[in-house]
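Okay, structure first, notes after.
All of the numbers you see were taken from the coordinates with simple rules; none came from a lab. Treat the numbers as computed from the prediction; the structure is a model and nothing was measured. Here the Cβ positions follow ideal geometry from the backbone for every residue, glycine too, while neighbour counts run over all protein chains shown.
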Amino acid sequence: MPEVKRLLILGGTAEAAELARRAGESWAGRLEVVTSLAGRLEPRRDLAGRVRRGGFGGADGLARFLDDQSIDWLVDATHPFAEAISAHAHAACGTSGVPRLVLARPPWRRAPEDDWREADDMAGAVRILPGLGKRAFLSVGPGSARAFSQVEGVWFLVRVIEPPRHPLPLDEHTVITGHPPFTVYDERLLIAEHRIDVLVTKNSGGVATEAKLSAARGAGIPVVMVKRPPPPPGHLVDNVEAALEWLESRL
Ligand SMILES: NC(=O)c1ccc[n+]([C@@H]2O[C@H](COP(=O)([O-])OP(=O)(O)OC[C@H]3O[C@@H](n4cnc5c(N)ncnc54)[C@H](OP(=O)(O)O)[C@@H]3O)[C@@H](O)[C@H]2O)c1
């Protein structure tokens with residue numbers, strides 16, 4: 001009987017879920033797949049393999065988890081804007097010697113007809129927004145939406161996956177819930193219905209939430225695009241196929 005190896009996927013993205021499914025199918029009986037989620041949202045029901053939820057307690061806690069659970073490899077497939085957990089994974093794998101791969105989908109690229117105003121971070125987006133519109137579609141997640149609390153004279157349409165636990169500290173706003181993927185048709189409707197004149201988004205990349213960019217392009221409205229933070233150090237791939245190849249070379 002070959003020894004069963006253990007893979008920890010730091011998840012919370014579509015790519016993490018796809019990797020869990022495909023790695024589990026490819027090496028059934030040889031590889032145990034554990035996905036870790038922050039645990040703030042209800043986990044998707046179709047997640048393959050074992051799932052654990054909740055923080056580890058910083059880099060030290062994650063290093064202990066890697067040791068206690070005899071993890072052989074770690075794939076950091078968290079969202080490109082989830083900086084803390086990626087930094088902790090880098091540090092923890094350095095301490096424990098567990099090989100680590102970063103899986104991050106490619107960022108969106110500007111099309112020639114796009115009117116993008118790029119901001120280096122959320123604070124930069126807050127600074128440029130007031131000059132661009134009066135009715136903003138804020139598609140940055142509830143945590144980042146709070147950064148816009150000082151903005152005056154702009155009404156916000158805030159879309160979140162689950163209703164926020166606490167009211168958002170925004171002046172005039174409406175919260176709607178929705179689960180990706182979204183279609184261009186739906187996004188166009190939303191922009192028209194709420195008379196949106198500017199879209200604010202992180203450059204998350206991926207197909208599930210890309211439709212809002214086509215809809216903004218079609219409506220001729222500007223997009224405040226928050227650039228990604230630099231990726232964590234280490235070997236990085238931008239698709240699940242390449243992550244599977246990385247694993248195969250080690251199994
Ligand atoms: N940021 C986004 O825009 C975004 C968008 C879509 C999905 N997500 C997903 O949502 C989760 C949280 O994102 P975030 O930006 O709040 O993260 P973050 O700021 O990097 O992490 C904050 C803390 O949450 C815990 N944590 C985060 N991801 C975890 C995971 N996969 N497993 C276990 N603990 C985790 C860690 O707690 P401890 O220090 O206690 O270990 C971490 O220090 C991530 O898994 C990410 O993939 C984020």
| Using the count of nearby Cβ atoms within 10 Å as a rough guide to exposure, how do S139, S249 rank from fewest to most? | S249, S139
| Top mean-square fluctuation among G218, G11, G24, Gaussian network model of the chain, C-alpha springs under 10 Å? | G218
| remark: Excluding near-sequence neighbours (fewer than 8 apart on one chain), the chain holds lysine pairs with C-alpha atoms under 24 Å apart numbering 6
| query | How large is ³J(HN,Hα) for each residue in the stretch 238-251, as worked out from phi by the Karplus curve 6.51 cos²θ - 1.76 cosθ + 1.60 (θ = phi - 60°), to whole Hz, x for Gly and Pro? | reply | 10, 8, 5, 3, 5, 5, 5, 5, 4, 5, 4, 5, 9, 6
| note | Inter-part gap, Cα centre of the stretch 32-95 to Cα centre of the stretch 114-182, in whole angstrom, is 28
| said: Taking amide H atoms as placed 1.01 Å from N in the peptide plane, list the residues 5 or more away in sequence, or in a different chain, whose amide H sits under 5 Å from that of R228. | reply: N203
| Cut-off of 10 Å, at most 16 other beta carbons, DSSP loop: longest stretch of the chain lacking such trypsin sites (Lys or Arg not before Pro) | 46-108
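Please report H235, H194 as a ranked list, fewest other C-beta atoms within 10 angstrom at the top and most at the bottom.
Values: H235 11, H194 16.
By the 10 Å Cβ count, ascending: H235, H194.
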| task | Please label the shape of the stretch 26-82 as rounded, prolate or oblate, based on the square roots a ≥ b ≥ c of the eigenvalues of the alpha-carbon gyration tensor (a/c under 1.5 means rounded; beyond that, a/b larger than b/c means prolate, else oblate). | result | oblate
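Hey, what number do you get for the chain at 222 nm if only DSSP H runs of n ≥ 4 count, each worth -39500 (n - 2.57), divided across all residues, to the nearest 500?
Values: 8 runs with 77 residues, N = 251.
Computed ellipticity for the chain at 222 nm equals -9000 deg cm²/dmol.
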| field | GNM flexibility winner over the chain from E113, E210, E187 (Cα, springs under 10 Å) | value | E113
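Excluding K134 itself, what net charge comes from residues whose Cβ is under 13 Å from its Cβ, given Lys and Arg +1 and Asp and Glu -1? Can you show the working numbers first?
Details: positive: R135, R195; negative: E152, D171, E172, D197.
My count for the surroundings of K134 gives -2.
For a test of the definition: using alpha carbon positions, the gyration tensor, and the 1.5 limit on a/c, classify the stretch 116-226 as rounded, prolate or oblate.
Details: a/c = 1.36, a/b = 1.15, b/c = 1.18.
Because its axes are fairly even, with a/c under 1.5, the stretch 116-226 counts as rounded.
Using a Förster distance of 22 angstrom, determine the FRET efficiency expected from the C-beta separation of T177 and R52, and round it to 0.05. Can you show the working numbers first?
Numbers: r = 26 Å, r/R0 = 1.17.
For T177 and R52, the calculated efficiency is 0.30.
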| request: Quote the FRET efficiency, to the nearest 0.05, computed for H194 versus D238 with a Förster distance R0 of 41 Å and r equal to the Cβ-Cβ distance. | output: 0.80
| task | May I have the convex hull volume per residue, in Å³, for the Cα set of the stretch 63-145? | result | 126
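State the extension gain, in nm to one decimal, for the chain segment bounded by A91 and D186, taking 0.36 nm per residue of separation less the distance between their alpha-carbons. Each step should come with its number before you reach the end.
Values: separation 95, 0.36 × 95 = 34.20 nm, distance 4.16 nm.
Here the answer is 30.0 nm.
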| Cα gyration tensor shape for the chain, rounded if a/c is under 1.5, else prolate or oblate | prolate
| Stretchable slack from S149 to D120, in nm (0.36 nm times residue separation minus alpha-carbon distance) | 8.6 nm
